[in-house]
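Notes to accompany the following structure.
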Amino acid sequence: MAGRVEVGEDEVASQPGLETEPKSESGHNISGNKSTIMEGESCLLKKMEINVSEAEKRTGKNAVNMQEIYTVYLIETRQVDSPNEDENSVPDTLWRRYSEFELLRSYLVVTYPFIVVPPLPEKRAEFVWHKLSADNMDPDFVERRRIGLENFLLRVASHSALSRDPIIYLFLTQENGWKEAANESGFQAKADSRLKALNATFRVKNPDKRFMELKHYGDELQSVISHLLRVRARVADRLYGVYKVHGNYGRVFSEWSAIEKEMGDGLQSAGHHMDVYAASIDDILEEEEHYADQLKEYLFFAEALRSVCRKHELQQYDLEMAALDLTSKKQQREELATGTVRTFSLKGMTSKLFGQETPEQREAKLKMLEEQITDGEELLKAKNLECEDFVKVAWADIERFKEQKNNDLKEALISYAVMQISMCKKGIQVWTNAKECFSKM
Amino acid sequence: MQTSPSSMINQHTLEDEPDSKDLFVTVDDPENHITAIETFVTYRIATKTTRSEFDSCEYEVRRRYQDFLWLKGKLEEAHSTLIVPPLPEKFVMRGMVDRFNEDFVETRRKALHKFLNRIADHPTLSFNEDFKIFLTVQAWELAAHKKLGPGFISKMGETVRAVASTVKSIKNRPDEFTAMSDYADIFRQKMGTLDKISQRILKELKEHLSEMKEYSPIYTLWSGSEQELAEPLKGVASSIENCCKATEGLTMGLAENLLPALHEYVLCAETLKSVLKRRDLIQADYDSRVDALANKKADREMLEHSDLSFTFGAFLGKSTEEVKQQKQQKIDREIDELQVDIGRLEDEVECANSNLKADWQRWSINMRSDLQSAFHDAAENNVHYFERCLATWESFLASQQTEIDTDKNGKDNA
């Protein structure tokens, strides 16, 4: 009886180039100083205002029962369509610390592996230039983290799929209990092991080309943005030096003006302008940190992108393994049925050495194999479907992400240009004033 | 860049009578001169003049740094209380820079050019005989002439007098010169600091530039992996590159104008101090003579009423009257000599003081004008720098704006 080989090459891999319709998002920009957040069709943000408005220090005992100081952030929420919707309505508030945000994000990443999950602001200050301290307690760092956390919540709440998760709502509105609810979902168990993912990356045979290209893009993006941030920090450091040294002119001009009769006034006022010039760099570089933060967000987004690709590779690998397993089981059945040993196997050797089995034994084995093959075929079908679904949904979110990335980064570049223009205008003003003073000397 | 004397005829320098300038000097064309014993750099000195003291209207000679040192020494000797312009420093082995390094030679050439021009524009110094010889005679003649000058001994004498008279000179110095000395001290301090600050700014600018040069290519690299973002990324890269070019212009301006001007006045500050010292010495000389005269007069007084019976002359058998007369005559002679000296030195002091004051005035006016224009030009350089950067970023922004508009139109029409 010829075994129907139902497993063929083309059934193993999901079809690349599957036509998927990207979910169209309404490109609705939130006004104000928040980055371009595009709101999904039916997302949480439409019903609720979310702010991370303050940061405070707390003391408490940590896991090893030692005193520690940590920062908590105030999350304010307000219902949009509430009956008494006026400016003075008091928002609901609760305090959360960074580690809770980390837990929330881990939950989202495991539960929605096909979504490019928005990243959190950095855990430790990286790419610092000399003035900023790399200390997590530094007020500037805390302030930028507050903004980053708010941005994270807004992005999550504006995502149509993510924002529907009840855990999000609990996180935003219920002080206690959200952790338990999250843990109940068993997400920690579902998390893929790093080793398994690595294994899959190297062994998968037929991954979707688009995902491979995307992963490559993610790598490039990560590498280029980190290089950019590093050099930007050095440029900022040098610029700081240039401006600050000019401050010395102010002091010396003032001292020199004391011994000059005619030039005294001119020198004094020129010196004042040099002081203004030297002081101006602080604000300029603080503003530039916002630009760096925008770039950092996409540095971390690149990681989220790669995470989706890895999930695809894992799934694809599982699928390929299931298919291989089915193929080998079918082969075994064939050998058993026809008595021929096509490939080398221990069974074949032992049967040659110790004689073949009894017909009863063979019958039992065949029956077991048939069951396994049926199960295997079911599993393969399911996995195939799983893969196809994953690819469809993931690719839709990726298209959404791509558009968001292009808009956000374009805006970031434009705002960088605006910052440079403002810096140049200030420079022109200061030096024109200084020039005036010199010419009147 | 070679500035010939003829091109300088149209240049307006800030000296006393710009319209009647009749002596033009340029320093250019540095060359390495190699002999068996040593290697050194020579510069071409080209002179154009209509002055009658000069036999011809055009001269061209080659001189080395040592010759300039000699000239400066001679000028200081002949006009001890005039402010002789400073020379660039002797070569100091600083790291990798050697004395034939192009930048070093060019900086020195510019400073030597300034040095000769300041002398040429000086109402007194430009008529100095040694200056004329420096500009006109060939190298071998100059060598011979140098050997004729007052030598080592007179320089020694000056040093000895200097040491002896320092205390006295401070006591008798008129207030106005004390004020000038105080001014010179503070001026020297401030110039030194300004020089250091400006050099530091140049260093920081250069380092900023080198970081920026690494910065723009990263945007270009990034644009390679993007589609929609490629164009704005390339735009940012190009704007940063333009800012790099603007920064290069800024550093060049600083290095070629402000820094040499400040440095020259750092050296000038030293000259001020030494000029004041020399004046003090002249005065000290005069004062010591005056003191000597007073002592001699006092001695003469004493002689009238003294008992000479225990003098050497009395011991020899001379009468006290004879001894007295001899002594009186001696003292009278000494008094006469001293009074002649004092008369001469008084004139010298008068001259020295008035020369110094006049030249100090002249120097002050030039200093103010030079430094004012140096700082003014530096400020203008900065304005230009920021204007260039502004233009490139504004054009980037404009290009993005039109992108946004065409996008909008596209979406509306879709």
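Taken together, the values in this text are just the output of simple stated rules run on the coordinates, not laboratory data. Here the structure is a predicted model, which means the values were calculated and not measured. Methodologically, a virtual Cβ is constructed for each residue, glycine included, from the backbone with ideal geometry; neighbour enumeration extends over all protein chains shown.
Some notes on this structure:
- Taking a straight line from the alpha carbon of A:Lys425, these lysines sit under 20 Å away, with near neighbours fewer than eight places off in the same chain left out: A:Lys244, A:Lys435, B:Lys245.
- Here's how it looks for B:Asn128: its modeled amide H is under 5 Å from none belonging to a residue 5 or more places away or on a different chain.
- With kT/(6 pi eta Rh) evaluated at 20 °C and eta = 1.002 mPa s, and Rh the Kirkwood radius from Cα pairs, the stretch A:120-194 diffuses with a coefficient of 144 µm²/s according to Stokes-Einstein.
- Test item: B:206-213 mean partner chain Cβ contacts at 10 Å: 5
- HN-Hα J in Hz across the stretch A:90-102 - Karplus 6.51, -1.76, 1.60, θ = phi - 60°, x for Gly and Pro: 7, x, 7, 9, 7, 9, 9, 9, 4, 5, 6, 4, 4
- Using bins of 10 Å that start at zero, the share of Cα-Cα pairs per bin across the stretch A:393-441 amounts to 23, 23, 18, 15, 11, 7, 3, 0, in whole %.
- Ordered from longest to shortest, the equivalent ellipsoid semi-axes for the stretch B:174-329 are 83, 12, 9 Å, each the square root of 5 times a Cα gyration tensor eigenvalue.
- Ordering of A:186-197, A:290-301 by packing [mean C-beta count within 10 Å, highest first]: A:290-301, A:186-197
- Euclidean distance between Cα centres, the stretch A:393-426 to the stretch A:268-334, Å: 15 Å
- Rg followed by Dmax, in Å, when the stretch B:267-366 is reduced to its Cα trace: 21.4, 71
- For the segment A:264-275, counting C-beta atoms of other chains within 10 Å of every residue's C-beta and taking the mean gives 1.
- Inter-centroid distance (Cα atoms) of the stretch A:141-196 relative to the stretch B:357-391, Å: 62 Å
- With Cα atoms defining each centre, the stretch B:196-246 and the stretch A:209-231 are spaced 21 Å apart in the structure.
- Cross-link pairs A:Lys392/B:Lys234; A:Lys426/B:Lys196; B:Lys190/B:Lys277; A:Lys205/A:Lys329; A:Lys190/A:Lys367; A:Lys440/B:Lys114 - those with Cα-Cα distance over 31 Å: A:Lys392/B:Lys234; A:Lys190/A:Lys367
- Cβ-Cβ FRET estimate between A:Ala382 and A:Asn183, R0 fixed at 41 Å, reported to 0.05: 0.90
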